[in-house]
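Worksheet: one structure, shown below.
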Amino acid sequence: MFQSVTSFVALFAIFIATGHTCPSIINRAEWGARPALSTTTLTKNPAPYVVIHHSDTPSCLTFTACKQRLQNIQEHHMSVNGWEDIGYNFVIGSEGTVFEGRGWGLKGSHAKPYNARSIGICLMGKLQDNNPTAAQLMALESLIECGVEKGKITTGYRLIGHRQATKTACPGDKMFRILKNMPNFEPKPR
Ligand SMILES: [Zn+2]
């Protein structure tokens, strides 16, 4: 745990020192997404909240494995949950690849009552007992900063875990402990 936070802080320092560029994002066509049944724009755009999730599925360590996992998650969200699309705005693989879910500016299905005013980002893995990878945390920070730069997330955004929105263990104890040390973490979301 301590090591993970330390390496995250080190990576974040490198990130600050080198300036920012948006991470490359694997778009829907590239991961073989089904088309959304419908889309709804955010009520508040840029989004004032960023909500973090874990997939609660095993980590995916290759692009091929993450792509397959993503298709399974979308299938579950659409066919079982009956949602119009994959629930999240973005998903980050265990190897740090950023995948487009619903993308920027669109309302997701991931954390009532924040869906219309947040960007929902899911980290692959069972992060109750496992730490996210350093590559995932680096990608997460980069994606959030990218959203701020593009005017998709407010400058003073509030970062929260899914468990702060709804009664759930998501994004897992290990991830939530890291989240609490990240920039803009909001202990008391409204
Ligand atoms: Zn969640």
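Within the stretch 69-82, is even one residue surrounded by fewer than 19 Cβ atoms within 10 Å (Cβ to Cβ), at positive phi, modelled with pLDDT of 95 or more and touching a Lys or Arg at 6+ places or on another chain (Cβ under 8 Å)?
The answer is no; no qualifying residue exists.
Among the residues of the stretch 68-93, write down those that are in a loop (DSSP other than H, G, I, E, B) and more than 18 Å from Thr154 (Cα to Cα).
Of everything in the stretch 68-93, those that are in a loop (DSSP other than H, G, I, E, B) and more than 18 Å from Thr154 (Cα to Cα) turn out to be Asn81, Gly82, Trp83, Glu84, Asp85, Ile86, Gly87, Tyr88, Gly93.
Filtering the stretch 169-190 down to residues that are charged (D, E, K, R) and closer than 19 Å to Thr43 by Cβ, which residue is farthest from the ligand (Cβ to nearest atom)?
Arg190
From the residues in the stretch 48-68 that are within 16 Å of the ligand (Cβ to nearest atom) and open to solvent by less than 30 Å² (accessible area, probe 1.4 Å), which one is farthest from Cys146 (Cα to Cα)?
Ser55
Only one of Gln128, Gln136 is closer than 17 Å to Asn181 by Cα and open to solvent by 10 Å² or more (accessible area, probe 1.4 Å). Can you tell me which?
Testing whether each residue is closer than 17 Å to Asn181 by Cα and open to solvent by 10 Å² or more (accessible area, probe 1.4 Å) leaves just Gln128.
The values are calculated or read from the model by the stated rules, or taken from the named source; none is laboratory data. All values reported here derive from a predicted model rather than from experimental measurement. Reconstructed Cβ throughout: ideal geometry from the backbone, glycine too, with neighbour counts over all protein chains shown. For accessibility, only protein heavy atoms count, side chains too; no ligands or nucleic acids. Shrake-Rupley method; radii C 1.70, N 1.55, O 1.52, S 1.80 Å.
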